[in-house]
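The values are calculated or read from the model by the stated rules, or taken from the named source; none is laboratory data. Note that the structure is a prediction, hence the values are computed from the model and not measured. Because the Cβ atoms are built from the backbone with ideal geometry, glycine has one as well, and the counts that use them run over all protein chains shown.
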Amino acid sequence: MGQILAIDYGKARTGIAATDDLQIIASGLPTVETPKLMDFLKKYFSENQVDEIVIGLPTDLKGNLSEIETEIQKFISKFENEFPGKKISRFDERFTSKMASFFISQSGKSKKQRQEKGLIDKVSATIILQNFLEQKI
């Protein structure tokens, strides 16, 4: 059994999280500048067995897709060309950034650390993945 990788896709930065090989625990990976995301994934896949990718589905309170979805669809198309046959799932990412900010604020980190946007992206990806895992049970 391989890992599940979650992607919280953003215009500038992308948060990434991965499970352990038993797909039990979600852990954040380094946040990646979005233009370098495909290179990061190539390297990561060469070093780790990944069975599935979960990509956040950005919706508003009414269930409408946000404008970043157009960019996510372009990324998915490139991803499928680069990694044919790799399973892709989508998962609602509503409120993950707000939840990430809350968890970070409760973690005892300094104000400067709490304001680091890459940390929010990383925690958001971890929340998406953890929620995805819980839904699979």
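Glu47: exposed (fewer than 14 other Cβ atoms within 10 Å of the Cβ) and modelled with pLDDT of 95 or more, yes or no? Please lay out each step first, then the result.
Details: exposed (fewer than 14 other Cβ atoms within 10 Å of the Cβ): yes; modelled with pLDDT of 95 or more: yes.
Yes.
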Test for Ile53: is it touching a Ser or Thr at 6+ places or on another chain (Cβ under 6 Å) and modelled with pLDDT of 90 or more = no
message = Six or more apart or on different chains, Cβ atoms under 8 Å: show the pairs whose first residue is in region 59-86 and of a type in the set (Ser, Thr, Tyr) and whose second is outside any loop (DSSP other than H, G, I, E, B).
response = Thr59/Leu65; Thr59/Asp92; Ser66/Thr59
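Yes or no, residue by residue, for (1) surrounded by fewer than 14 Cβ atoms within 10 Å (Cβ to Cβ); (2) touching a Cys at 6+ places or on another chain (Cβ under 8 Å); (3) small (Gly, Ala, Ser):
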residue	(1), (2), (3)
Met38	no, no, no
Leu41	no, no, no
Asp51	no, no, no
Ile55	no, no, no
Gln73	yes, no, no
Ser77	yes, no, yes
Glu80	yes, no, no
Pro84	yes, no, no
Lys87	yes, no, no
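For (1) more than 20 Å from Thr126 (Cα to Cα); (2) under 12 Å from the mean Cα position of the chain (by Cα), each residue gets a yes or a no:
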residue: Thr31; (1), (2): no, yes
residue: Leu37; (1), (2): no, yes
residue: Ser46; (1), (2): yes, no
residue: Glu69; (1), (2): no, no
query = Which residue pairs have Cβ atoms closer than 7 Å, lie 6 or more positions apart in sequence or on different chains, and pair a first residue in region 1-18 that is more than 16 Å from Leu57 (Cβ to Cβ) with a second residue that is basic (Lys, Arg) and at pLDDT below 95?
reply = Arg13/Lys117
